[in-house]
Amino acid sequence: MAGDTRFFGIHFVLLCLVSGYGVAGTILQGPSNVTVLSGSDATFQCTVAPTWSAITWIYQGVQIVSISPREVTVDPNQNIVVQNFTNSITRDFTSIVTFINVQKSNSGRIQCFSLSSTNQEAFLSVQVKGSLDIAKTSLSVTINTTVDVSCGAVGWSPIPIMTWVLNNTAASSSEYTTTSTEIQGGLYNVNSILKLTPLGNTRVTCIARIETTQQNSTVNITVTAAAAAASSTYDRTTVIIAVTVTLGCILLIVLIIVVVVCCCRKEKQREMSYQSTAWGASAKNSIEQTYKDYNFEYEPDISEVQRPLPSLPSLIYSSVSAPYTVTLDKDSFSQAPEKGWNDTFLRKIRHVTHV
């Protein structure tokens with residue numbers, strides 16, 4: 001670079017000598033400030049009067065172009081294109097320098113020099129349009145519930161202006177906050193957070209804008225108010241649970257009643273069976289006792305063999321066989337109870353005994 005500068009310096013001195021030390025054209029129109037996006041082309045032009053003898057372009061302190069009526073010298077290290085033309089009527093001379101595919105690092109001052117004239121300068125500003133993104137492209141929230149929607153702009157220069165649009169209506173600046181952080185290369189990361197309280201389905205748009213170049217980036221997100229569906233599901237679930245619990249309680253009560261009734265019925269049947277058995281045994285014992293008392297020909301069951309024989313007045317035991325035999329003497333009839341003993345009574349007793 002030092003060699004290039006020395007070369008342009010020597011060439012500039014020679015131009016001055018050839019031009020006659022001051023016989024040069026005045027700069028009629030110098031270059032203007034240019035602001036472009038990274039990756040674009042930037043063009044500057046300088047117009048001098050017909051009496052010009054030499055024009056020199058200096059960019060970021062380095063001579064990049066030297067023009068004389070005989071030749072044009074361009075720095076090979078610069079990605080530039082030089083165009084020159086003379087007005088056929090006024091004979092004014094215009095030099096145009098175009099920077100190709102400029103980047104953020106190309107930002108800087110550029111100057112146009114002409115002998116015996118004040119130099120004119122301008123500034124090249126290269127802006128960077130970075131990326132813009134929202135974490136989610138769709139979001140489900142509850143109605144009247146506040147949710148944060150974050151939008152991030154990464155790698156911008158200068159700091160972009162962040163705005164929000166809700167259903168085609170600009171959001172108030174009080175509804176969101178924006179913070180920025182400078183990163184390497186003079187770029188910025190910006191984060192904007194919108195506090196959204198949807199009353200229904202909402203289309204949210206995040207916008208990052210560079211004011212000077214009017215460059216915008218937008219990203220959309222659909223916020224679905226799912227409160228109605230969620231509430232409906234909750235209500236259905238509540239109803240199902242309530243009905244299930246109610247039916248379960250009713251079935252449990254019915255089951256308890258059935259068990260109690262069955263137990264009572266079995267207990268009652270057991271008592272009735274016991275009473276019937278007791279009454280039957282009592283009646284049988286009473287009848288057998290009556291037969292024993294009044295029917296002298298009554299023969300007890302074999303199960304009564306072990307029982308003691310009834311004590312009758314003046315009974316004579318002759319012998320006992322299976323089960324046993326009772327013999328009465330004739331005098332025993334005189335000691336029997338004073339009842340109407342006759343054949344008819346005895347026959348009735350025997351009849352009952354057979355039954």
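The values are calculated or read from the model by the stated rules, or taken from the named source; none is laboratory data. Fair warning: this is a prediction, and the values are worked out from it, not measured in the lab. When we count neighbours, we look across all protein chains shown, and the Cβ atoms used for this are built from the backbone with ideal geometry, even at glycine. All accessible areas refer to the heavy atoms of the entire protein, side chains included, with ligands and DNA or RNA removed. Shrake-Rupley method; radii C 1.70, N 1.55, O 1.52, S 1.80 Å.
The selection criterion, being touching a Leu at 6+ places or on another chain (Cβ under 7 Å) and of a type in the set (D, E, K, R), does not hold for K136.
Residues checked against (1) among the hydrophobic types (A, V, I, L, M, F, W, C); (2) in contact (Cβ under 8 Å) with a residue 12 or more places away in the chain; (3) closer than 30 Å to E211 by Cβ:
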{"position": "G30", "(1), (2), (3)": "no, yes, yes"}
{"position": "S38", "(1), (2), (3)": "no, yes, yes"}
{"position": "E71", "(1), (2), (3)": "no, no, no"}
{"position": "I80", "(1), (2), (3)": "yes, yes, yes"}
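Within the stretch 82-103, restricting attention to residues that are touching a strand residue (DSSP E or B) at 6+ places or on another chain (Cβ under 7 Å) and open to solvent by 70 Å² or more (accessible area, probe 1.4 Å), the residue that is farthest from A49 (Cα to Cα) is Q103. Screening C112 with (1) more than 19 Å from Q45 (Cα to Cα); (2) touching a Gly at 6+ places or on another chain (Cβ under 6 Å) gives one miss only, at (1). The residue that is nearest to the chain's Cα centre (by Cα), counting only those in the stretch 185-211 that are closer than 22 Å to V36 by Cβ and assigned to a loop (DSSP other than H, G, I, E, B), is L187.
Of all residues in the stretch 135-160, those that are within 30 Å of G186 (Cα to Cα), open to solvent by 70 Å² or more (accessible area, probe 1.4 Å) and out of contact with any Lys or Arg (no Cβ under 7 Å at 6 or more places or on another chain) total 5.
For V13, are the conditions met, namely being loosely packed, with under 14 Cβ neighbours inside 10 Å, more than 30 Å from P158 (Cα to Cα) and either at pLDDT below 95 or in contact with a helix residue (DSSP H, G or I) (Cβ under 6 Å, 6 or more places away or on another chain) (or both)? Judged against the criteria, V13 is a match. Among the residues of the stretch 16-26, just one is crowded, with 19+ Cβ neighbours inside 10 Å and either modelled with pLDDT of 95 or more or in a helix (DSSP H, G or I) (or both), namely S19.
Can you name the residue in the stretch 107-127 that is farther than 22 Å from T212 by Cβ and among the hydroxyl-bearing types (S, T, Y) and is also least open to solvent (accessible area, probe 1.4 Å) among such residues? Looking at residues that are farther than 22 Å from T212 by Cβ and among the hydroxyl-bearing types (S, T, Y), I get S114.
Of all residues being under 19 Å from A135 (Cβ atoms) and modelled with pLDDT under 90 in the stretch 181-200, which is surrounded by the fewest Cβ atoms within 10 Å (Cβ to Cβ)? Just the residue, please. Among those residues, the one meeting the criterion is T197.
Quick one: which residue in T169, T163, T178 is open to solvent by 30 Å² or more (accessible area, probe 1.4 Å) and either at pLDDT below 90 or touching a Lys or Arg at 6+ places or on another chain (Cβ under 9 Å) (or both)?
Among T169, T163, T178, only T163 is open to solvent by 30 Å² or more (accessible area, probe 1.4 Å) and either at pLDDT below 90 or touching a Lys or Arg at 6+ places or on another chain (Cβ under 9 Å) (or both).
Selection of first residues in the stretch 146-161 that are under 20 Å from K104 (Cβ atoms) and of second residues that are open to solvent by 20 Å² or more (accessible area, probe 1.4 Å) and charged (D, E, K, R), restricted to Cβ pairs under 8 Å at least 6 apart or on distinct chains, gives the following pairs, ordered by first then second residue: G152/D133; V154/D133; W156/K129; S157/K104; P160/R209; I161/R209; I161/E211.
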